[in-house]
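Peer 1: Before I ask anything, here is the structure I am working with.
The values are calculated or read from the model by the stated rules, or taken from the named source; none is laboratory data. Source: prediction; values computed, not measured. Here the Cβ positions follow ideal geometry from the backbone for every residue, glycine too, while neighbour counts run over all protein chains shown. Only protein heavy atoms, including side chains, enter the accessible area calculation; ligands, DNA and RNA are left aside. Shrake-Rupley method; radii C 1.70, N 1.55, O 1.52, S 1.80 Å.
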Amino acid sequence: MTLHFDNRYAALGERFYASLKPLSLPDPASVIINNDALKQVGLNDYSTEHLLSLFSGSLLPEGSDPLAMVYSGHQFGGYSPQLGDGRGILIGQVTNAQNTLLDLHLKGAGKTPFSRMGDGRAVLRSSIREFLASEALYHLGIPTTRALGITTSSEPVRRETMERASMLMRYSESHIRFGSFEYFSYTEQHDALKILADYTLENHFEEVVSCESPYDEFLISAVKKTASLIAYWQAYGFAHGVMNTDNMSIIGQTFDYGPYGFMESYDPYYICNHSDDHGRYAFNKQPAIGLWNCQALAQALSPLTVNIKPRQVSQIYQDNFTQRYHSLMIKKLGLTQNQQNDKQLYQDLLDLLEGYHIDYTNFFRALSHFDQNDGAVSLEIIKSCAAPFDPWFDRYKARLNVEKLSDEQRHKNMLGVNPKYVLRNYLAQMAIQNSETGDFSELHRLYDVLKSPYDEQPHNERYAEEAPQWGRNLQISCSS
Ligand code: AMP
Ligand code: MG
């Protein structure tokens with residue numbers, strides 16, 4: 001049971017972090033463990049007891065070198081010069097069986113020099129939300145950090161009400177954020193900015209190291225990854241909720257889950273974060289905010305880059321976003337060839353879904369079974385408003401005629417990209433409510449469902465149902 005530590009970030013020196021140990025939880029109790037993720041990092045032969053100690057901050061494995069990373073960032077458009085891990089601790093970096101270096105990060109591990117007014121803790125509710133969402137996205141095929149496990153405790157913490165201090169252990173190839181570069185750039189520590197960029201290139205952007213202008217290529221690559229990630233969010237109906245630059249991963253993963261939400265009935269103006277009064281991070285703003293964040297990254301890297309103009313960043317981002325989004329959307333429609341009017345076809349469909357408040361996930365799942373010989377459109381989900389959809393279905397049928405695929409093959413393709421199960425807010429809420437009474441069984445069941453989002457799970461049909469009335473307007477805030 002040895003982890004192979006190789007703490008390369010720690011080797012960068014004390015300007016990049018504060019060294020400190022986690023503050024362990026009293027009376028720790030395991031909430032959930034992710035066996036698949038444990039294997040990925042090489043923790044699968046740890047005993048339950050050891051995992052509990054590790055995930056509650058009382059066991060520091062030999063070779064670990066715990067630290068809180070420093071960073072800054074643009075929050076809701078304004079610059080915050082000093083953020084940093086206020087409650088998370090990078091326990092260390094381990095090399096796994098595939099020789100990939102992975103960060104082990106414990107969230108809720110106590111106060112750090114970057115905690116500001118915070119108590120350094122995370123609550124059970126927010127830990128469960130991160131666990132479920134990161135695993136849901138992972139199994140959908142969307143780049144993300146991954147949760148390893150949650151531990152709760154008897155320690156009270158104050159949020160809107162009294163809650164229980166909990167910890168979430170996660171892993172990722174990198175916890176470096178756009179804001180990590182902003183910190184060194186705006187404090188004019190350009191030597192440190194270069195050290196951090198070199199570290200990031202060597203460990204995560206190896207392909208650009210020997211380019212003529214490696215920092216330009218690094219920026220371009222990071223912009224492309226970000227554009228692609230956000231295209232996935234748009235195609236799958238995921239709203240992040242707090243796209244501050246300190247929550248943007250440099251390697252293009254979904255990162256720092258807070259008041260996120262999966263869209264149910266299609267609503268481009270969907271705001272999942274109750275604290276986002278002006279809708280800066282509304283669903284339909286995400287692509288533009290992604291670009292805004294990439295411009296902030298470009299600005300931060302400008303002491304290193306030689307020949308990149310803001311206009312180029314914008315062009316690269318938009319091209320990559322559009323391409324990826326388009327390819328995901330035509331796949332969702334079961335189209336394999338690119339035709340001129342395809343964009344209009346899905347845009348018009350989205351307008352219909354919006355106009356008639358149709359569930360986004362369930363519509364595409366139902367469409368995956370669509371038979372082109374069907375005279376009348378028989379999708380149950382639009383039954384009450386089928387007539388307005390008729391002209392669209394006529395166009396869709398005509399478009400399918402141009403394709404060479406059999407219905408059978410198209411159904412198969414579509415069922416593999418249009419999930420049956422996504423993490424609806426009300427489902428997370430039920431799992432949380434039960435967990436807060438000490439009953440984790442619903443959480444475990446929901447997690448099992450989300451592991452196979454594209455499979456039919458006859459016993460779990462109810463997890464594909466739209467939110468009941470009580471679960472439609474759940475308010476999720478930043479306080480976590
Ligand atoms: P977030 O909006 O969750 O990404 O957090 C923004 C910043 O606030 C990060 O630097 C966090 O580490 C910090 N933070 C959030 N919650 C707490 C807390 N309870 N205690 C200390 N710092 C926190
Ligand atoms: Mg954050």
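Peer 1: Accessible area per residue, 1.4 Å probe, Å², for segment 440-480: what's the number?
Peer 2: 58
Peer 1: Same structure, new question: In the P(r) worked out for segment 333-415, what percent of Cα pairs fall beyond 15 Å?
Peer 2: Values: 1907 of 3403 pairs.
Looking at segment 333-415, the distances longer than 15 Å represent 56 percent of pairs.
Peer 1: Continuing with this model, one more query. Roughly how many debye, to the nearest 20, is the charge dipole of segment 307-367 about its Cα centre, given +1 on each Lys and Arg Cβ, -1 on each Asp and Glu Cβ, and no other charges?
Peer 2: Taking the Cα centre of segment 307-367 as origin, the dipole is about 340 debye.
Peer 1: Can I ask one more? How much of the accessible area of the chain, in percent, comes from carbon and sulfur atoms when a 1.4 Å probe is used?
Peer 2: Accessible surface attributable to carbon and sulfur in the chain totals 48 percent.
Peer 1: Please report, in debye to the nearest 20, how large the charge dipole of the chain is about its Cα centre when each Lys and Arg carries +1 at its beta carbon and each Asp and Glu carries -1 there.
Peer 2: 460
Peer 1: Let me ask something additional. Name the trypsin sites (Lys or Arg not before Pro) in segment 1-100 that are in a loop by DSSP and that have at most 15 other C-beta atoms within 10 Å, would you?
Peer 2: Sparse-neighbourhood loop trypsin sites (Lys or Arg not before Pro): Arg8.
Peer 1: Report Thr100's accessible area, 1.4 Å probe, all protein chains in place, as a number in Å² to the nearest 10.
Peer 2: Here the residue's solvent-accessible area equals roughly 50 Å².
Peer 1: Give, as ranges by residue number, the residues of segment 275-308 whose backbone N falls under 17 Å from the point 7 Å along Cα→Cβ of Glu212.
Peer 2: Label zone hits: 305-308.
Peer 1: So, in nm, how far is label Asp191 from label Glu160 when the simple model puts each one 7 Å beyond its Cα toward the Cβ?
Peer 2: Each label point lies 7 Å from its Cα, and together they span 4.9 nm.
Peer 1: Counting pairs of alpha carbon atoms under 8 Å apart in space and at least six apart in sequence, what relative contact order in percent does the chain give?
Peer 2: Computed value for the chain: 15 percent relative contact order.
Peer 1: Let's test the formula: R0 of 35 Å, r as the Cβ-Cβ distance of Lys111 and His444. What FRET efficiency results, to the nearest 0.05?
Peer 2: 0.65
Peer 1: Further question: Quick check on segment 216-266: take the gyration tensor over C-alpha atoms, sort the square-rooted eigenvalues as a ≥ b ≥ c, and tell me if it's rounded (a/c under 1.5), prolate or oblate. Show your work: numbers first, answer last.
Peer 2: Values: a/c = 3.57, a/b = 1.69, b/c = 2.11.
Verdict is oblate for segment 216-266.
Peer 1: Just to confirm a number: summing +1 for Lys and Arg and -1 for Asp and Glu over residues other than Leu168 whose beta-carbon lies under 12 angstrom from that of Leu168, what do you get?
Peer 2: Local net charge: +4.
Peer 1: Still on this structure, please answer the following. Among Ile250, Phe181, Gln312, which residue has its Cα furthest toward the positive end of the charge dipole of segment 179-330, with +1 on Lys/Arg Cβ and -1 on Asp/Glu Cβ?
Peer 2: Gln312
Peer 1: Using the heavy atoms of the protein chains alone and a 1.4 angstrom probe, what is the accessible area of segment 117-235 per residue in square angstrom? Walk me through the numbers before you get to the answer.
Peer 2: Working: 3780 Å² over 119 residues.
Computed with neighbouring chains in place, this is 32 Å² per residue.
Peer 1: Taking only protein heavy atoms into account and a 1.4 Å probe, give the accessible area per residue of segment 333-415 in Å².
Peer 2: Ligands and nucleic acids excluded, the result is 51 Å² per residue.
Peer 1: Rounded if a/c is under 1.5, else prolate if a/b beats b/c, else oblate: with a ≥ b ≥ c from the C-alpha gyration tensor eigenvalues square-rooted, which is segment 10-174? Spell out each step's value before the answer.
Peer 2: Working: a/c = 1.31, a/b = 1.12, b/c = 1.16.
Cα axes put segment 10-174 in the rounded bin.
Peer 1: For all pairs of alpha-carbon atoms in the chain, what percent lies in each bin of width 10 Å, listed from the first bin to the last filled one?
Peer 2: 4, 19, 29, 26, 15, 6, 1
Peer 1: Next up: Between segment 417-480 and segment 180-255, how many Å separate their Cα centres?
Peer 2: 32
Peer 1: Let me ask something additional. What whole number of Å gives the distance from the Cα centroid of segment 327-389 to the Cα centroid of segment 110-128?
Peer 2: Centre-to-centre (Cα) distance: 43 Å.
Peer 1: OK, next. Residue by residue through segment 304-319, which ³J(HN,Hα) values in whole Hz follow from phi under the Karplus form 6.51 cos²θ - 1.76 cosθ + 1.60 (θ = phi - 60°), with glycine and proline marked x?
Peer 2: Per-residue couplings from phi come out as 9, 6, 10, 8, 10, 9, x, 4, 5, 4, 4, 5, 4, 4, 5, 4 Hz.
Peer 1: I've got another one for you. As an exercise, identify the GluC sites (Glu not before Pro) in segment 343-448 lying in DSSP coil whose Cβ has no more than 13 other Cβ atoms within 10 Å. Don't skip to the end; give the middle numbers.
Peer 2: Working: sites: Glu354, Glu380, Glu403, Glu408, Glu436, Glu442; in loops: Glu403.
Of the GluC sites (Glu not before Pro), not one in the loops of segment 343-448 has a Cβ with at most 13 other Cβ atoms within 10 Å.
Peer 1: Hey, another quick one. Apply 1/(1 + (r/R0)^6) to the Cβ-Cβ distance of Thr336 and Asn401, taking R0 = 22 Å, and write down the FRET efficiency to the nearest 0.05.
Peer 2: On the way: r = 13 Å, r/R0 = 0.60.
Computed FRET efficiency for Thr336 and Asn401 comes out at 0.95.
Peer 1: Hey, another quick one. Looking at the square roots a ≥ b ≥ c of the eigenvalues of the Cα gyration tensor of segment 210-345, which shape do they give, rounded for a/c under 1.5, prolate if a/b is larger than b/c, or oblate?
Peer 2: The shape class here is oblate.
Peer 1: Starting from segment 71-171, pick out the chymotrypsin sites (Phe, Trp or Tyr not before Pro) whose DSSP state is loop and whose Cβ has at most 16 other Cβ atoms within 10 Å.
Peer 2: Phe76
Peer 1: Quote the FRET efficiency, to the nearest 0.05, computed for His357 versus His4 with a Förster distance R0 of 56 Å and r equal to the Cβ-Cβ distance.
Peer 2: Rounded to the nearest 0.05, the efficiency is 0.60.
Peer 1: Can you run phi through the Karplus equation (6.51, -1.76, 1.60; θ = phi - 60°) for segment 446-463 and list ³J(HN,Hα) in whole Hz, with x for Gly and Pro?
Peer 2: 4, 4, 4, 4, 6, 6, 10, x, 9, 8, 6, 10, x, 7, 10, 3, 5, 6
Peer 1: Using the Karplus equation 6.51 cos²θ - 1.76 cosθ + 1.60 (θ = phi - 60°), what ³J(HN,Hα) coupling, rounded to whole Hz, does each residue of segment 214-220 give in order, writing x for Gly and Pro?
Peer 2: x, 6, 4, 5, 4, 4, 4
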